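Bear in mind these aren't lab numbers, they're just calculated from the coordinates by the rules spelled out. Keep in mind that what you see is a predicted model, and the values were worked out from it rather than measured. All Cβ positions, even for glycine, are placed from backbone atoms using ideal geometry, and neighbour counts span all protein chains on display.
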Amino acid sequence: MVKNILCIGAGYVGGPTMAVIADQCHDINVTVVDINSSRIAAWNSDELPVFEPGLHDVVMRRRGKNLFYSTDIPAAIKRADLIFVSVNTPTKTFGEGAGRAADLQYLEKTARSIIEHADSDKIIVEKSTLPIRTAQALARVLSSNEKGIRFQILSNPEFLAEGTAIDDLEHPDRVLIGGLDTPEARAAMEELISVYAHWVPREKIITTSLWSSELSKLVANAFLAQRISSVNSISALCERTGANIDEVAYAVGRDSRIGPKFLKAGIGFGGSCFKKDILNLVYLCDYYGIPEVARYWEQVVAINDFQAARFVRTMLGAMFNTIADKKIAVFGFAFKSDTSDTREAPAITVCTRLLNEQAHIAIHDPKALENAKADLAGAPADRIAYCTDPYEAADGAHALVFLTDWKCFRELDFKRIYKSMRHPAFLFDGRNFLDHESLYALGYHVYPIGRPAMSHFEQKD
Ligand SMILES: NC(=O)c1ccc[n+]([C@@H]2O[C@H](COP(=O)([O-])OP(=O)(O)OC[C@H]3O[C@@H](n4cnc5c(N)ncnc54)[C@H](O)[C@@H]3O)[C@@H](O)[C@H]2O)c1
C-alpha cells in the first residue's frame with residue numbers, strides 16, 4: 001500500500017496534481033519538492049505560484065495535513081514509496097536536435113538525485129511528457145545504483161489542461177498508466193491504480209505498455225494542436241472568400257465523426273506543451289527514419305506561426321500600413337483564459353511584432369501581467385505600459401487587440417472605451433469571442449478572424 005507519495009517538480013503540473021491527490025486520498029502523505037526555493041515558498045504562502053480556478057481552496061484544505069511543499073529533497077526521497085517525476089522537459093536549445101528534441105537534463109538529474117538519496121525500493125512514475133522509450137534510459141540510469149535498490153518505472157502522463165486543471169484532475173476523461181509486462185511492473189501498476197481508484201472510476205483507468213503510454217501523450221497533444229491549425233488554415237481562406245469560419249466550423253463539427261470541440265479559429269495555440277510536443281514528435285519521426293511523417297506534423301506548427309504573422313499583417317493593412325508611434329491596447333497576454341501562464345503565448349509574438357513596427361503598446365491582463373513583464377524584459381521598455389486598469393490601457397489608443405478570451409473582457413464598457421480612443425478606432429479580435437455586430441454599431445472598425453472585416457470605410461466609399 002502506498003503511504004508516502006513524493007512529486008519532484010512543483011510546477012503547473014506537479015503542484016495542482018499533487019494537491020488533488022492529497023485532497024482525494026487523506027490516508028496518503030503527499031510531498032512536493034523543487035530545486036526552486038522561491039516556488040516552494042510561494043506554494044507555502046497565500047499567493048500560490050500558479051493561478052487555476054479552484055486550486056487555492058484545494059491547497060488550503062490539505063496543506064500541512066497530508067500535503068507538504070518542501071525543498072528538503074533528500075529526506076523526501078528517503079520517505080517516499082512512490083515518486084512522480086514532474087520536472088520540465090523543454091525543447092533543447094543546443095547541440096544535437098536543438099529546436100526540436102526534448103531536453104532531458106532535468107529528468108536525468110532527478111534520476112541521479114533519487115539514486116543518491118534512496119535507501120529502499122521505489123516506484124518511479126513518469127508524469128512529465130517524454131519522448132518514447134525514455135523509461136528505458138531512466139531504468140538504465142536508476143539500475144546503475146550500487147545499493148541493490150530496485151526501481152519499477154511506470155508512465156502516467158498528465159492530460160490536464162491549464163485553466164481547467166482542477167476539474168480535469170477531479171473528473172478525468174481517463175487516467176493512463178503504462179508499464180512493462182513483468183510481475184514486478186504489474187504489481188507497481190496496481191499500486192498506482194489503487195491511488196487513482198480513490199476517486200476515478202476503474203473503467204476510466206487505462207493500462208498499456210510503457211511505450212504506448214509515453215507515445216499517447218505526444219499524440220494526444222499533436223491531434224489537439226492539429227485541429228486548431230486545421231481550422232485556422234481554413235480561416236485564411238474564409239477571409240479571402242467571404243465565408244464565415246464559425247459557420248464552417250459549426251457545420252463541420254456537427255458531423256459526429258468530427259465533433260465540435262477544438263474547432264475555434266483564433267490567433268493560434270500557445271502554452272508550454274503543444275509546440276514543444278509536436279516538435280519532439282517531428283524529431284522522433286526523423287530519428288526513426290520516417291521523414292514523411294515528420295514533415296506532416298511539422299506543418300501544424302508552421303500554420304500556427306503563419307496565423308500569428310498573418311494577424312499582425314491584417315492589423316498593419318487596416319491601419320494604413322503604419323503603426324509607428326501609434327498606441328495599441330493589448331487585451332490579454334496569457335496563452336488562454338483562466339491561467340496566468342504565458343509560455344509560448346501568441347501575445348509574445350504579436351507584441352514583439354508590434355514593437356518591431358515601432359508601436360507603443362499598453363498591455364492589460366487580469367492575471368498574467370507579471371509574466372508578461374518577464375517575457376518582454378528584452379523589449380524597449382519606453383514603448384510598453386503594463387496596466388492593471390483596462391480603461392487606462394485603452395485611453396488614447398488607436399486600436400484594441402484581443403489576444404486572450406478572458407470572460408471579463410466581454411463585460412467591458414466598450415462605449416466608454418470608444419470615446420476615450422483615437423479615431424478611427426480599430427478593434428482586432430484574435431479570439432473571435434466578442435459581439436462584433438454591437439461593437440461595429442458603436443463605431444469600431446472590427447476585424448475578426450476568418451470572417452469579413454466590418455469596416456465603416458467601405459460604406460462611405
Ligand atoms: N503545463 C501543462 O499544462 C502540462 C500538462 C501536461 C503535461 N505537462 C508536462 O509536465 C511536465 C512539467 O510541466 P510544468 O508545466 O509543470 O513545468 P514547470 O516548469 O512549471 O515545472 C517544472 C518544475 O520542475 C522543477 N525541477 C527541474 N529540475 C528539478 C530537479 N532536478 N529537482 C527538483 N525539481 C526540479 C523546476 O524548478 C520547475 O519548478 C513537462 O514535461 C510538461 O510537458 C505539462
Subject >> the range 11-20 - phi-based ³J(HN,Hα) in whole Hz, Karplus 6.51/-1.76/1.60, Gly and Pro as x >> reply: x, 5, 9, x, x, x, 4, 6, 4, 6
**OP:** Please tell me the relative contact order of the chain in percent, rounded to the nearest whole number, where contacts are Cα pairs under 8 Å and at least six residues apart.
**Re:** 12 percent
Subject >> Reciprocal of mean inverse Cα separation for the range 346-461 (Kirkwood radius, Å) >> reply: 14.9 Å
**OP:** Could you tell me what percent of the DSSP beta bridges with both partners in the chain are antiparallel, to the nearest 5?
**Re:** 5 percent
**OP:** Quick one: Debye curve from the alpha-carbon atoms of the range 148-223 only, equal weights, vacuum; give me log10 I(q)/I(0) at q = 0.16, 0.26 Å⁻¹ to two decimals.
**Re:** -0.61, -1.27
Original post:
How about the range 304-370: which chymotrypsin sites (Phe, Trp or Tyr not before Pro) there are in a DSSP loop, with at most 11 other Cβ atoms within 10 Å of their Cβ?
Top reply: 320
Subject >> Amide H contacts of residue 7 (H built 1.01 Å from N, under 5 Å, at least 5 apart or other chain) >> reply: 31, 32, 33, 84
Original post:
Mean residue ellipticity at 222 nm from the helices of the chain, using -39,500 (n - 2.57) per DSSP H segment of n ≥ 4 over the full residue count, to the nearest 500 deg cm²/dmol?
Top reply: -13500 deg cm²/dmol
**OP:** Apply the Karplus parameterisation 6.51 cos²θ - 1.76 cosθ + 1.60, with θ equal to phi minus 60°, to every residue of the range 136-141 and state each ³J(HN,Hα) to the nearest whole Hz, in sequence, with x for glycine and proline.
**Re:** 5, 5, 4, 4, 5, 5
Subject >> residue 432 long-range amide H proximity, modeled H, under 5 Å >> reply: 449
Original post:
Can you list the lysines whose alpha carbon is less than 23 Å from that of residue 327, not counting same-chain residues fewer than 8 positions off?
Top reply: 367, 373, 415, 419
Subject >> Estimated dipole of the chain in Debye, rounded to 20 [Cβ of Lys and Arg +1, of Asp and Glu -1, Cα centre] >> reply: 360 debye
Original post:
Which log10 I(q)/I(0) values, to two decimals, does the chain give at q = 0.07, 0.08, 0.09, 0.14 Å⁻¹ under the Debye formula with one point per Cα?
Top reply: -0.40, -0.52, -0.65, -1.33
Original post:
Which whole number in µm²/s is D for the range 38-99 by Stokes-Einstein, with the Kirkwood Rh taken over Cα pairs at 4 °C and 1.567 mPa s?
Top reply: 90 µm²/s
Subject >> Other-chain or far-sequence residues with amide H under 5 Å of residue 149's (modelled H) >> reply: none
Original post:
What order, most packed first, do the peptides 215-224, 190-199, 400-409 have when packing is the mean number of other Cβ atoms within 10 Å of each residue?
Top reply: 400-409, 215-224, 190-199
**OP:** Would you kindly derive the ³J(HN,Hα) couplings of the range 94-105 from the backbone phi angles with the Karplus curve 6.51 cos²θ - 1.76 cosθ + 1.60 (θ = phi - 60°), listing them in order in whole Hz, with x for Gly and Pro?
**Re:** 9, x, 4, x, 3, x, 9, 5, 7, 8, 9, 5
Original post:
So which aspartates and glutamates can residue 3 reach, going by Cα to Cα under 13 Å and dropping same-chain residues fewer than 8 places off?
Top reply: 27, 81, 191
Original post:
How many percent of the alpha carbon pairs in the range 1-82 exceed a separation of 18 Å?
Top reply: 31 percent
Original post:
At a Förster radius of 22 Å, what calculated FRET efficiency corresponds to the Cβ-Cβ distance of residue 437 and residue 237, to the nearest 0.05?
Top reply: 0.45
Original post:
Which pairs, out of 204/336; 276/326; 109/276; 217/264, put more than 29 Å between their alpha-carbon atoms?
Top reply: 276/326
**OP:** Between residue 37 and residue 392, take the C-beta separation as r, use R0 = 45 Å, and let me know the FRET efficiency to the nearest 0.05.
**Re:** 0.80
Original post:
By the gyration tensor of its Cα atoms, with a ≥ b ≥ c the square roots of the eigenvalues, what is the shape of the range 4-200: rounded for a/c under 1.5, prolate for a/b over b/c, or oblate?
Top reply: rounded
**OP:** Kindly work out what percent of the DSSP beta bridges joining two residues of the range 211-461 are antiparallel, to the nearest 5.
**Re:** 5 percent
**OP:** Grab every C-alpha pair in the range 211-461, bin the distances at 5 angstrom width from 0 up to the longest one, and report whole percents.
**Re:** 1, 6, 13, 17, 18, 16, 12, 8, 5, 2, 1, 0, 0
Original post:
Where Lys and Arg each count +1 and Asp and Glu each count -1, what net charge lies around residue 307 among other residues with Cβ under 14 Å from its Cβ?
Top reply: +3
